[in-house]
Amino acid sequence: MALSPSHQWKETSMPWTIEKSTAARIAPDWLKPYCKEFLQRLADQGYTPATMRTYDASARLLCQEVARRGLREDELVGRTLSKAHAAAFKAMHPNKYNQKRYCLDRFIDALVAAGVAEWPPAPKQKTPTAFERLAMEYAAYLREQRGLAEATIYHCMRFLDRFMTFRFGEKLGDLNDITPDDIVRFLREVMSRKSPYRDRTPPTHLRSLFRFLFWSGKTKRDLASSLPRVAMGRASHLSRALPPEEIERLVDAVWAPDAVSRRNYAMLMMLARLGLRAPEVIAIQLDDIDWRTGTILIRGKGKRHDRMPLPEDAGKAIVDYIRNGRRGSSRTLFVANKPPYRPFVNAQILNTTLRAAFKATGLRPPQMYIGAHLLRHSLATDMLRKGASLDEIGDVLRHRSRRATAIYARHDIEGLRSIARAWPAEGGRA
């Protein structure tokens, strides 16, 4: 008898158990424990029954090949494993091809990690070219000598590729042939856009490159000193900020009694109360919070770590999320809400959450681009209006230079009036 749609939904939504596994039933005796352990680990991580059936079906294809070929525990290695993998892959139904192949590869990786399977040795790599050797040395310099973050290293490597291609073409030439004129011409090409070019990083990335070339002895001259600065006028506008009451409306609009809303609410609380940068929020670890002293370790820019007091309301939001919303075994505090509950790759989730809060409240954003940095600016502006000094604001925001904090002095209207000169009037009278 055909099931009604409601009965079909109830059947497919029932929890998946290892007894339902077809892969574990047909696997050879030596392979059954590893197959059961792999599938049970996925089930414990919270994968849905539909996903578990896909993993089970993919593992079953490999188990069938192992049984059909009569392979023993020490024979699933090298070319034998490759042939069994290829046969299992060929037997797959074309529906959701890439997903099933991914599940099959994860099963084999688990067998390799358990020591009962071994991929064939990787083919010998070709001799790296001169540019590839230069790129590897430069990346190691940025990572080990400069201690830069991976995102910054990526942009530095992009400018290495762009400049060398601009100067030499496809084949790397003599680095001592580079002249200051080459650098200027490259910067002109990069910044020759119709719209105003706001990025100040190209000279910085190139300066880092030429310091490395001179430091490593690859050039006889230090061309870093020949790099011009980006000609940009001093910003005359005030930093965008929202009043405290609107910040509270935005944060409150995020909360709801579900796992995702509890997580997003706790993240926005960290932005609003401590003025954190978005990457600093998603980098928080469970071990960074000292509940006895009420402090939290902030992993800031340049691998700088600072311990800050944890506000009570922000701490309560984190506790609510941990107890009623958070899942998974990751030591990162804020994780994705889908299995296997991994940490976020980037901080875009915060910008998305903030845009949703603006839409829910109907508030008008102070700028076209809605970013998490808006809450950081708003906290600093509110502190200034309540009488905090620039040094105190810099301590809260963890600025390395007072120049970074000085932009908020423009909001201190009364303080600016005290140092403003009188406007000249006709006849020399003020």
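The values are calculated or read from the model by the stated rules, or taken from the named source; none is laboratory data. Because the structure is a prediction, the values reported are computed rather than measured. Glycine gets a Cβ as well: all are built from the backbone with ideal geometry, and neighbour counts include every protein chain shown. All accessible areas refer to the heavy atoms of the entire protein, side chains included, with ligands and DNA or RNA removed. Shrake-Rupley method; radii C 1.70, N 1.55, O 1.52, S 1.80 Å.
Only one of these is in a helix (DSSP H, G or I), in contact with a Phe, Trp or Tyr (Cβ under 8 Å, 6 or more places away or on another chain) and open to solvent by 90 Å² or more (accessible area, probe 1.4 Å): Arg72, Arg101. Name it.
Arg101
Among the residues of segment 241-263, what is the count of those that are open to solvent by 40 Å² or more (accessible area, probe 1.4 Å) and touching a helix residue (DSSP H, G or I) at 6+ places or on another chain (Cβ under 6 Å)?
4
Take the residues in segment 296-337 that are basic (Lys, Arg) and without any contact (Cβ under 8 Å) to a residue 24 or more places away in the chain, then tell me which one is farthest from Arg277 (Cα to Cα).
Only one residue fits best here, namely Arg323.
If you check Val281 against the conditions, is it of a type in the set (A, V, I, L, M, F, W, C) and more than 27 Å from Ser329 (Cα to Cα)?
For Val281, the condition - of a type in the set (A, V, I, L, M, F, W, C) and more than 27 Å from Ser329 (Cα to Cα) - is not met.
Name the pairs: first residue in segment 140-164 and at positive phi, second residue assigned to a helix (DSSP H, G or I) and basic (Lys, Arg), Cβ to Cβ under 6 Å, at least 6 apart or on different chains?
Between residues of segment 140-164 that are at positive phi and residues that are assigned to a helix (DSSP H, G or I) and basic (Lys, Arg), the close pairs are Gly147/Lys303.
Would you confirm, using the coordinates I've provided, whether Tyr265 is closer than 29 Å to Gly46 by Cα, of a type in the set (Ser, Thr, Tyr) and in contact with a Lys or Arg (Cβ under 6 Å, 6 or more places away or on another chain)?
Against the criterion (closer than 29 Å to Gly46 by Cα, of a type in the set (Ser, Thr, Tyr) and in contact with a Lys or Arg (Cβ under 6 Å, 6 or more places away or on another chain)), Tyr265 does not qualify.
Return the residues of segment 148-190 that are farther than 20 Å from Arg221 by Cα and either open to solvent by less than 20 Å² (accessible area, probe 1.4 Å) or in contact with a Pro (Cβ under 7 Å, 6 or more places away or on another chain) (or both); say none if nothing qualifies.
The answer is Ile153, Cys156, Val190.
Out of the residues in segment 278-313 meeting the condition of being small (Gly, Ala, Ser) and buried (at least 16 other Cβ atoms within 10 Å of the Cβ), tell me which one is farthest from Asn351 (Cα to Cα).
Ranking the candidates gives Gly300 first.
Please count how many residues of segment 104-129 are part of a helix (DSSP H, G or I) and surrounded by 12 or more Cβ atoms within 10 Å (Cβ to Cβ).
Residues flagged as part of a helix (DSSP H, G or I) and surrounded by 12 or more Cβ atoms within 10 Å (Cβ to Cβ) within segment 104-129 amount to 10.
Which of the residues that make up segment 265-277 are part of a helix (DSSP H, G or I) and either farther than 30 Å from Ala360 by Cα or open to solvent by 20 Å² or more (accessible area, probe 1.4 Å) (or both)?
Tyr265, Arg273
Among the residues of segment 27-69, write down those that are in contact with a Pro (Cβ under 6 Å, 6 or more places away or on another chain) and open to solvent by 30 Å² or more (accessible area, probe 1.4 Å).
Result: Gln45, Tyr47, Ala67.
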